[in-house]
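Working notes, structure below.
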Amino acid sequence: METPLQEQNYLNKSSNRTLRILAVIAIFAVAGSYVLGYNTGKKGFIFQPKEFKIINQADAPKTVDYQLLWDAIDTINQKYIDKPVDQQKILYGAVKGAIDAVGDPYTVFFQPSELESFKTDLKGSFDGIGAEVGMSGGNVVVVAPLDDSPAARAGLLAKDAIVQVNGESTAGWSVEQAVNKIRGPKGTEVTLTIYREGKTKPFDVKIVRDEIVVKSVKWEYKNVSVNGQNKKIAVVTLSQFGDDTKSLFSSAVNDILRQNVNGIVLDLRNDPGGYLQTAVDIASNWIPEGQVVVTEDRSEGMPQKYNAEGNNRLNGIKTVVLINGGSASAAEILAGALHDYNIGELVGEKSFGKGSVQELVDLASGAAVKVTVAKWITPDGKNLNKDGLNPDVEVKMTEDDINNNRDPQMDKALQEVTR
């Protein structure tokens, strides 16, 4: 079973095990973060048996008096005008408030109904708008729209802040709440109110949900003329690190080696992440066996290092990596490793900065807590969740570029890889 990477998050079918996910969400995490209606609750979870126990007052921390909570609940039950008070709702509200007080947007409480939705496994085909969302600065934001998705066609961009969903404010929402409100059946419409940097005021975007089917790896070849000589460049695009990525990328490598290319442009723009092990597998096509790809710095125990596993079939082929604000989680791990070993120059815009690991712990009565337990560190020590990745060559992509089908970032990458 693969070690998980994030939050968009792939889910194993067992429901009685502990779930770990890399929250790229930076916002996915991120996250973690989620693709709206797309593989939601699926990326890289590992469940392990959980034994429940009741902690009595004598075992509670001595620094605070939990009697305050019981007194407050008792006051509501005695004095609130509309009785009876829903005790289950009171309990869930109390637990949610306690978890929210931690102050980590990726550490959240799931009621049973929310948990079931979070664990939805749609295996690469889903109904939704086709966008990854997460948290940034306390706001629900777009991590990345998927290629040729309803979200992309409607004009959503990475880092768009979603301030309302169907007229309802997202203030105080978790990513999970946003996902539940935005996704829905094919053919139905959702209206997102968007705040975009550079715009004077929020604006509405109406999106009709559809079925989304995505292959995670695509490749093509571009001929670039340099001083009268023709150079053949392989352009490999990874949209996520999912179930099909390893096999598709292997096919791409086989084809690239047959083509005798002069360079590779690895396009990780708007890639929200996925399986950690898949990121390590992909990196192993460039990085020699035994070299550290990424380190997991955990809240408990020693840091765990994930090393390249050999084959490095692309070693020696000049590589440039495209990143932007939608590159998160596993995409940042791969880009960071190639950069730190001076294998791949980074071109584009600063990555999202989604590099934390969540563990989903099952609780009584079908509830659960998703808690941040680790962060990801690149070979040179960069904290992905805090810093993200800065490009070696910064190239902005404007809304005007997108509307006029221009790609200055790709143009620069092709220029750099043929230098």
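The values are calculated or read from the model by the stated rules, or taken from the named source; none is laboratory data. Since the structure is predicted, the reported quantities are computational estimates derived from the model, not experimental observations. Methodologically, a virtual Cβ is constructed for each residue, glycine included, from the backbone with ideal geometry; neighbour enumeration extends over all protein chains shown.
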Can you tell me which residues in region 225-257 are surrounded by 16 or more Cβ atoms within 10 Å (Cβ to Cβ) and assigned to a strand (DSSP E or B)?
LYS231, ILE233, ALA234, VAL235, VAL236, THR237, LEU238, PHE241
Checked against (1) of a type in the set (A, V, I, L, M, F, W, C); (2) surrounded by 20 or more Cβ atoms within 10 Å (Cβ to Cβ); (3) modelled with pLDDT under 95, VAL347 satisfies every condition except (3)
Restricting attention to region 377-406, the residues that are surrounded by 13 or more Cβ atoms within 10 Å (Cβ to Cβ), closer than 18 Å to LYS350 by Cβ, modelled with pLDDT of 90 or more and charged (D, E, K, R) number exactly 3
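Could you check region 265-346 for strands (runs of 3 or more DSSP E) lying wholly inside it with 2 or more residues that are among the basic types (Lys, Arg) and under 16 Å from GLU394 (Cα atoms)? So that I can check it myself, show each step before the final result.
Numbers: elements: 292-298, 304-307, 319-323.
Once the strands (runs of 3 or more DSSP E) in region 265-346 are filtered for at least 2 residues that are among the basic types (Lys, Arg) and under 16 Å from GLU394 (Cα atoms), nothing remains.
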Unmet requirement for VAL357, which otherwise passes all of (1) within 15 Å of the chain's Cα centre (by Cα); (2) surrounded by fewer than 19 Cβ atoms within 10 Å (Cβ to Cβ):
(2)
